[in-house]
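Each remark here refers to the structure printed beneath this line.
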Amino acid sequence: MKRLNRLRQSLKIKSMSEILEPRYDHQKHEKEIYELWEKSGYFNPDNLPTASSEFGVRSSKNKKISQTKPRTSNLEPFSIIMPPPNANGSLHLGHAVFVALQDILIRFWRMRGKKALWLPGADHAGFETQVVFDKKLEKEGRNRFTIPREELFKEIWDFTQHNKKIMEEQLRKLGASCDWSREKFTLDPAIIRIVYETFEKLYKDGLLYRDLRVVNWCPKHKTALSDLEVKHEERLDQLYYIKYGPLTLATVRPETKFGDTALAVNPKDKRYSKYIGKEIRALGLLGKLTFKVIADEAVDPKFGTGVIKVTPAHDPADFEIWQRHKKEIPGPKIIIDENGRLTGETGKFAGMKVAEARIKVAEAMKEIGILEKVENDYKHSVAVCYKCGNVLEPIPKMQWFIAMTAKPHQSRDRRPETGDRKKSLRDLGIEAVEKKKIKFYPAHSKKVILHWLKNIRDWNISRQIVWGIRIPVWYCLACSARPESNRGEPKININQEVKSRWFLVRHGETDWNKEGRIMGQSDIPLNKTGMAQAEEAARELKPHKVDLIISSDSARCRQTAEIIKKETGAEIILEKKLRERHHGDIEGLLRKDVFEQYPRIYEYSYEGKYMNAESYRELEERAWEVFSSHHSRHGHKNVVLITHGGTIRMLIKRIKNLTPEAALSIPSRKNAEIIQLDVLDKCENCGGHFYEQDPDVFDTWFSSGQWPFATLMTSDKKMGFHEEVVPQVLDGKTKTYRLRDHGFKVGDKVLFENSATKKIFGYGIITEAKKTTIDKIDYTDKSHYKTYKNLDELMTAFKHKNPEKTFTSKSPAYLYAYDFYPAKNLETDFETFYPTDVMETGYDILFFWVARMVMLGIYTTGKIPFRTVYLHGLVLDKDKKKMSKSKGNVIDPLGVAEIYGSDALRMALVAGNTAGKDIVISEDKIRGYRNFATKVWNISRFILMNKMKDIRHQTSDIRVKLTASDKKNIAEAEKIKDKVGKHIEKFEFHLAAETAYHYIWHTFADKIIEEYKPRLKAETGSEEALGGAASSASGGFAAPRAQAGARRRSERTADSEGPVAAYQTLEAILLECLKMLHPFMPFITEAIFQKLNKGEMLMIERW
RNA sequence: GCGUCUUUAGCUCAGUGGUAGAGCGUUUGCAUGACACGCAAAAGGUCGGAGGUUCGAUCCCUCCAAGACGCACCA
């Protein structure tokens, strides 16, 4: 607090010479002004004064100004949730636009006396950040697929936290008056918790399903994308006409031929009616094939030959055709893998990339004579990744979808109802928009969003990346609910309760591994690489708090175990029965030699006992015996089990209930590879204990779609007696005591007294509610509290009620609580601020974000998330080009703010811009508003010079009679201010800015000031003419009543044509100008206001 | 194919049923009790085209043209 006052003092005028600086130095002022605002606490709406008069009265003696000032929340709320910028880079001009617009709204409504909350945050921005980070890794020669999940997550976490800090500083530089105490990150545990609750609710309502669908797969990023993340590009390609027996069809993708499962024609197409339902024989590249011909409406008889091949695995339309004809034709046959390469199903084409395979396949088809013709320059559009531009491969994948058009049902659970249970998410959205519950600026975006909603499709929310909120679903490894299957119910586990984790770890490398020798039970130690691998594994395991290590007693496992023990501190149990399969006579031989010599030996069979080897069955029996006995004893512990490739294979077979064939076809594990098994409650289906979590994370928009309510529901941690944060008591040395540490608990009544004034200023009951406020207390009504004469009496009272608990402090000068509760009317941020007033964001994320917030907001809370949507456009450069890093035309907002000032930048972004229109900005424009800032500065400078030059002008407390035209001029300024306010109310920011600009420059500066110059110059009457009023000057802090008194006295003075009245008129107009300009140019206006010394802070002046 | 928007001064854009505005730029003056990042003044537009409604249209309606964007399909 002292610091704050010092800061204010430093902002006042110190000398004439300072006043005489003809330029406003934004670099000097902006930092200290922001600090002044932030330190004042007024960004937090809970600290806002009820009315300006209550804090306008103050004395320099009152050092505890903010402690004694009544905080109140009886004010009407006004709230904006800041669109959380992506924490993967720094802010660009687009961000500066939202800062400008939202800050205008917040500052305006704060000045209008509303309880204005602007809640800031940052978005982890899943895929976007992953892409940015992947590029960073690429530069470093690394790649995300080789970094363990936890490590990668941690690295990206640090990366985003770093960026987040930079962004916060940037927001401060731009003058954002947001409440930092409520700042949120999309990966805050409390936010994740809410996201999980929504996920569970959707699941229980049957709106969430997991299904095999042909998804938009990016082979570069190796993840699926939602429909919105797909861009379409026009391409010229070849159209191939291929013979399928008697039929010929056209395709641009001959390489997918291997995945064909049928042919299709239009049912009305007479040319082909004789084939419908028949099987035709065709010559394929891998021999003869038979296809059934089906009839489907989706086939356009006019296209190509009117015949299509059905490739359900690699074409979304074909996938749908298959779904309609499931009984007649085979399902998806996957022939393209996640890397965009052809699979082993394609003979000699296996391993080729799609583009290459297309040419090679066409050539091969030509050779065998089934390629009839090729049409060049066939124009069509292809789906590409919006990030990397690579062609997307349609691949069937199990993914989580949200049903957008299905009505919720309650087959799975009965729970308390929120929202309209009968409507689909889409219909909830449509209704809110159509019934005008949500207002749109620009108005036409309403049509756009409705059009999108009406054509909406189910939303794929799974992303195959690490960075994000992991899907809280576990699959039992033993039964059909496992990930690769579509059957059974997975466990939705939003509490993420995992009893323990078991890790199967293969030993590190030995020389024999390296040489390719068969080891079996030969006791070969680790080599150097093996040691390093073990150390790597140990590091990875350490965070999991390993309780126990169970290891095969073979040297290579024992050594691996020792290394892991060193890192984790867990004890080791050695088990002979976990040894590798005994390979008999071939142990020690080179794998390749054995293969040459006994080609059939590798036809492993489960029962096989070649060359005196042990069979897999025998291995399985002995290993499982040890495993299950340890599991029954140590199932609740985190266990690392170190063993061998073959042994792991057999353990996995048992855990997953695999057939011998399936088990033997699992690829071998790498040295020191870790397999994680989560132990959860027994599977209801099969009694299995081992699970694995869904590896996918949520689409980032799934979490940000819940942002308005999630942020508000979790925004009270600093205010409540909840978990870590508890009511506090300060003693005279400003030491903090947490009441909880002194034995107070829920239900206790607490009374607070200010030792300085000896007044009891608060009384509360500690409750479990999350939010507290003292605002509801009526200080004048003594029935709300009981007074105690002193602290001893107070303490005795507590002692009496809670005999076992006494609060003691060695130097208790006063008690003060930041946080305590009134007994009634508990309100949370959610209740106060939801629905929020305005959602201001770019039109480019209308569907991604706004539409989803509307649907999820109503679905979860039953209420719309915001009353008004204001969409701004993209920021374009002066040639109307979209700014992008690759074009090199990006204006760095902080860079130009450095040069011209944040105020100038903000004005430039607002002026001449309407909702939904792209914003054209150039340095010229920003410079123009910098010039305006200088103008404002010089107007003030001129007035301040007049104030300083003569004691008679020094204060406005000396009231003199104003002339009729003085009054008219002031009234006009007020009228203009009203006009500006009306424009802001109507979201006409450009008109508001231009009105203020025009008035200040071309009326106030050019006309009024010029007009008044002669009067300022004129000699005043005698000192007596001013009466004794000058003596009542009190530095500009007179209370309204005192001012009224001064005014009465001054009515009698006779200065009306003189300099005092002239000065006072100009000052009054200047104040109006500062107010109307403050939302747009907050720094310079506040800086001038501080110098004028007419009140505490312009930011909280009443508009 | 479906949908949305735009077209006004050299540039960027406002705006209104009664024959047009701003900023920047341009031109010409000017040290005027703050400001040359300034002051004073000026030039510059048949408001994309055609038709219609109206006493009257840049504004409302229809069509056309050009451009931008979004969605869907594309074998």
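The values are calculated or read from the model by the stated rules, or taken from the named source; none is laboratory data. What you see is a predicted model; the values in this text were computed from it and never measured. Glycine gets a Cβ as well: all are built from the backbone with ideal geometry, and neighbour counts include every protein chain shown. Protein only, heavy atoms only, side chains kept; ligands, DNA and RNA dropped before computing areas. Shrake-Rupley method; radii C 1.70, N 1.55, O 1.52, S 1.80 Å.
Which numbered condition in (1) out of contact with any helix residue (DSSP H, G or I) (no Cβ under 9 Å at 6 or more places or on another chain); (2) open to solvent by less than 20 Å² (accessible area, probe 1.4 Å) is the only one that A:L202 fails? With respect to (1) out of contact with any helix residue (DSSP H, G or I) (no Cβ under 9 Å at 6 or more places or on another chain); (2) open to solvent by less than 20 Å² (accessible area, probe 1.4 Å), A:L202 is out only on (1). From the set of residues in segment A:279-293 that are more than 53 Å from the chain's Cα centre (by Cα) and open to solvent by 50 Å² or more (accessible area, probe 1.4 Å), which is farthest from RNA strand B (Cβ to nearest atom)? Ranking the candidates gives A:K288 first. Taking each residue of segment A:901-925 that is in contact (Cβ under 8 Å) with a residue 24 or more places away in the chain and over 27 Å from A:V850 (Cβ atoms) and looking for partners that are assigned to a loop (DSSP other than H, G, I, E, B) and near RNA strand B (Cβ under 7 Å from one of its atoms) with beta-carbon atoms closer than 7 Å, six or more apart or interchain, yields A:S922/A:K878.
Assess whether A:L1077 counts as being at pLDDT 90 or above and open to solvent by 10 Å² or more (accessible area, probe 1.4 Å). For A:L1077, the condition - at pLDDT 90 or above and open to solvent by 10 Å² or more (accessible area, probe 1.4 Å) - is not met.
Condition check ((1) over 21 Å from A:V97 (Cα atoms); (2) surrounded by fewer than 18 Cβ atoms within 10 Å (Cβ to Cβ)) across all residues:
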| site | (1), (2) |
| --- | --- |
| A:G113 | yes, no |
| A:K135 | yes, yes |
| A:N143 | yes, yes |
| A:T146 | yes, yes |
| A:F153 | yes, yes |
| A:K173 | no, no |
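Any residue in segment A:606-625 that is in contact (Cβ under 8 Å) with a residue 12 or more places away in the chain, of a type in the set (K, R) and within 21 Å of A:N671 (Cβ to Cβ)? Scanning segment A:606-625, I find no residue that is in contact (Cβ under 8 Å) with a residue 12 or more places away in the chain, of a type in the set (K, R) and within 21 Å of A:N671 (Cβ to Cβ), so the answer is no. When the residues of segment A:352-389 are filtered to those that are part of a loop (DSSP other than H, G, I, E, B) and over 24 Å from A:L286 (Cα atoms), the one that is farthest from RNA strand B (Cβ to nearest atom) is A:C388. Pairs meeting the criteria (first residue in segment A:202-229 and within 16 Å of RNA strand B (Cβ to nearest atom) and among the small types (G, A, S), second residue part of a helix (DSSP H, G or I) and open to solvent by 10 Å² or more (accessible area, probe 1.4 Å), beta carbons under 9 Å, at least 6 apart or on different chains) are A:S226/A:W701; A:S226/A:F848.
Within segment A:308-331, restricting attention to residues that are of a type in the set (D, E, K, R) and surrounded by fewer than 20 Cβ atoms within 10 Å (Cβ to Cβ), the residue that is farthest from RNA strand B (Cβ to nearest atom) is A:K327. Looking at the structure I just gave you, is A:E393 touching a Cys at 6+ places or on another chain (Cβ under 9 Å), closer than 25 Å to A:R210 by Cβ and either within 16 Å of RNA strand B (Cβ to nearest atom) or modelled with pLDDT of 85 or more (or both)? Yes; evaluated as a whole, the condition is true for this residue. Within segment A:549-577, the set of residues being closer than 18 Å to A:H631 by Cβ and in contact with a helix residue (DSSP H, G or I) (Cβ under 6 Å, 6 or more places away or on another chain) comprises A:I549, A:I550, A:S551, A:S552, A:I572, A:E575, A:K577. Among the residues making up segment A:212-237, those that are surrounded by fewer than 17 Cβ atoms within 10 Å (Cβ to Cβ) and either β-branched (V, I, T) or part of a strand (DSSP E or B) (or both) are A:L212, A:V230, A:K231, A:H232, A:E233, A:E234, A:R235, A:L236, A:D237.
Go through segment A:243-253 and count every residue that is within 9 Å of RNA strand B (Cβ to nearest atom) and open to solvent by less than 10 Å² (accessible area, probe 1.4 Å). I'd like the intermediate steps shown before the answer.
Pass one, segment A:243-253, residues within 9 Å of RNA strand B (Cβ to nearest atom): A:249-253.
With open to solvent by less than 10 Å² (accessible area, probe 1.4 Å) added as a condition, the list becomes A:249.
Summing the residues that are within 9 Å of RNA strand B (Cβ to nearest atom) and open to solvent by less than 10 Å² (accessible area, probe 1.4 Å) in segment A:243-253 gives 1.
The residues of segment A:426-460 that are part of a helix (DSSP H, G or I), charged (D, E, K, R) and closer than 30 Å to A:H983 by Cβ, listed by number, are A:E434, A:K446, A:K447.
Close contacts from segment A:382-400, counting a first residue that is under 15 Å from A:Q464 (Cβ atoms) and of a type in the set (D, E) and a second that is within 14 Å of RNA strand B (Cβ to nearest atom) and open to solvent by less than 10 Å² (accessible area, probe 1.4 Å), with Cβ to Cβ under 9 Å and a gap of 6+ residues or different chains, come to A:E393/A:H314.
Against the condition open to solvent by less than 50 Å² (accessible area, probe 1.4 Å) and of a type in the set (V, I, T), how does A:I276 come out, does it pass? Can you show your working first?
Working: open to solvent by less than 50 Å² (accessible area, probe 1.4 Å): no; of a type in the set (V, I, T): yes.
No: the conditions fail for A:I276.
Entry remark, segment A:920-929: residues being more than 7 Å from RNA strand B (Cβ to nearest atom) and β-branched (V, I, T) number 2 in total.
Quick grid of which residues meet (1) outside any helix (DSSP H, G or I); (2) at pLDDT 90 or above; (3) surrounded by fewer than 19 Cβ atoms within 10 Å (Cβ to Cβ); (4) within 10 Å of RNA strand B (Cβ to nearest atom):
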residue: A:S956; (1), (2), (3), (4): yes, no, no, no
residue: A:L962; (1), (2), (3), (4): yes, no, no, no
residue: A:S965; (1), (2), (3), (4): no, no, yes, no
residue: A:K968; (1), (2), (3), (4): no, no, yes, no
residue: A:K977; (1), (2), (3), (4): no, yes, no, no
residue: A:Y997; (1), (2), (3), (4): no, yes, no, yes
residue: A:D1006; (1), (2), (3), (4): no, no, yes, yes
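A:L677 falls short on exactly one of the conditions (1) closer than 21 Å to A:A478 by Cβ; (2) outside any strand (DSSP E or B); (3) not small (G, A, S), and that condition is (2). Determine if segment A:911-919 includes at least one residue that is modelled with pLDDT under 90, more than 8 Å from RNA strand B (Cβ to nearest atom) and among the hydrophobic types (A, V, I, L, M, F, W, C). Yes, segment A:911-919 has at least one match. Consider A:F303 carefully, then state whether it is more than 10 Å from RNA strand B (Cβ to nearest atom), in contact (Cβ under 8 Å) with a residue 24 or more places away in the chain and open to solvent by 10 Å² or more (accessible area, probe 1.4 Å). No; evaluated as a whole, the condition is false for this residue.
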